[in-house]
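Participant: Structure in structure tokens, see below.
The numbers here are math on the coordinates, done by the rules we state, and not lab data. Everything numeric here is computed off the predicted structure, so don't read it as measured data. Methodologically, a virtual Cβ is constructed for each residue, glycine included, from the backbone with ideal geometry; neighbour enumeration extends over all protein chains shown.
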Amino acid sequence: MYKCCNGPLACVQLQRHLLLLQLFFSDLIFLCGENKKMGTCLILLGLLSICSLCFSKECAQELIENVDFPGSDITFLYSPDARHCQQLCTEHPSCLFFTFVRHDWTRDNRNFYCYLKSTPSLKPNVRTPLQGVTSGFSLKNCHSELQPPCQSQLYQNVDFPWADYKTLFTSSAEECQRVCTQDPHCRFFAFLNGVFKTETVRYKCYLKHSWSVPRTPVIKREVGAVSGFSHKLQITPYFKPVCQGKLLLNTDIPGHDIDKLPAASAEHCQALCTDNPRCTYFSYISDNFQCYLKGNPSVMVTRTKVGITSGIPVHFCQMDDSWLQVSHEGVSFQGSDLRFELMHDPDTCQKTCSTDPLCQFYTYFKECYSNSAFRGRCYLKRVITAPAPIKVIKLNNIVSGFSLKNCV
């Protein structure tokens, strides 16, 4: 049987699209019969069938200036430009297209808004001329474009506020960018130039962080579910050698919490702590999959407690990624679905996730799963891990930009 859903668009979405086409074909056949022009109509039917398959795999890289795709919003995030907005759309599990509100938008203060969108038909319902916006499509079907892009541009008079973890003085924005590139945690930065209004902070370079390790939104115990990660995830790939972190079994480190996140294992929790520049150690509760990141560089007080694993992150090395190879029986990762496919076993599901450049983690439901409608389904999943400023605003005499770690 021809497998139509190798591409990253959801099979269920493609099936919905083809159902709409089937209904259209039925109407067309009826009209053709009424008009006694079956030869011409059959040619049209053939062409439309081909087009339906082509549309499901279409790679639309172009940006459309001064055109809005109104409505159909999933969410909005901040971006400094349309290409970065396109990357966020590509990495969002549901986004199919977007509209970006540019710096030259003047109707209100929504500059740098990136609206992520989706429709059951897989395409915008409406296209409207609108000055100051740029629209475009996800690159999920553009296999050559799925590697993290090089974002070398410097954005003049643009600030990426918040997400700071370290500051220093540098002679220029270019040097600030070099420092960011060399720092393992830095993903973007802001630099105050030599004429910034407050003299005492001129030439200050703010290093900023966003998550690069996938965070599974919800983790639950479910009999018959099997979950895991892509074996090809690259965590801090620019460091060598590989090193082991320190885990303390049946040990709690109370207090000093800076964040609480779901994690599939103590090793996953350790990876999250390693990714966060403020995390100095962590405690993981296996019963409820809770990972407590903690920040206190001065002291670390431990106490014995069964069921809790604590530990220390790794520094300036490639973290051991053997935790990615583990399949978690009786565990479900919920949400963030790219698509689902029917498969015979969890091993095939894992291999499919590992070979799909978009998939970061998965959940498979076995034949013993309580809900028969879900049995045999392999859900491929991901979250956004591209560098993503919390906010983007206009501010004079500030230069912002991204790390050049991907510019090899």
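Participant: Kindly evaluate PRO254 against the criterion of being of a type outside the set (Lys, Arg) and exposed (fewer than 12 other Cβ atoms within 10 Å of the Cβ).
Facilitator: Criteria not met by PRO254.
Participant: State which residue is nearest to LYS394 (Cα to Cα) when the search covers only the stretch 137-148 and only residues that are out of contact with any strand residue (DSSP E or B) (no Cβ under 9 Å at 6 or more places or on another chain) and part of a loop (DSSP other than H, G, I, E, B).
Facilitator: Among them, the one singled out is PRO148.
Participant: Still on this structure: Could you please let me know if GLN290 is under 20 Å from PRO241 (Cα atoms) and either in contact with a Leu (Cβ under 8 Å, 6 or more places away or on another chain) or polar (S, T, N, Q) (or both)?
Facilitator: No, not satisfied.
Participant: Is one or more of the residues making up the stretch 265-273 over 26 Å from PHE361 (Cβ atoms) and either in a strand (DSSP E or B) or touching a His at 6+ places or on another chain (Cβ under 9 Å) (or both)?
Facilitator: There is no residue in the stretch 265-273 that is over 26 Å from PHE361 (Cβ atoms) and either in a strand (DSSP E or B) or touching a His at 6+ places or on another chain (Cβ under 9 Å) (or both).
Participant: In addition: Go over the candidates GLN177, GLN151 one by one and state the one that is in a loop (DSSP other than H, G, I, E, B) and touching a strand residue (DSSP E or B) at 6+ places or on another chain (Cβ under 7 Å).
Facilitator: Exactly one residue qualifies, and that residue is GLN151.
Participant: Mind telling me which of the residues ARG215, ARG221 ends up being of a type in the set (Lys, Arg), touching a helix residue (DSSP H, G or I) at 6+ places or on another chain (Cβ under 8 Å) and on the phi < 0 side of the Ramachandran plot?
Facilitator: Result of the check over ARG215, ARG221: ARG215.
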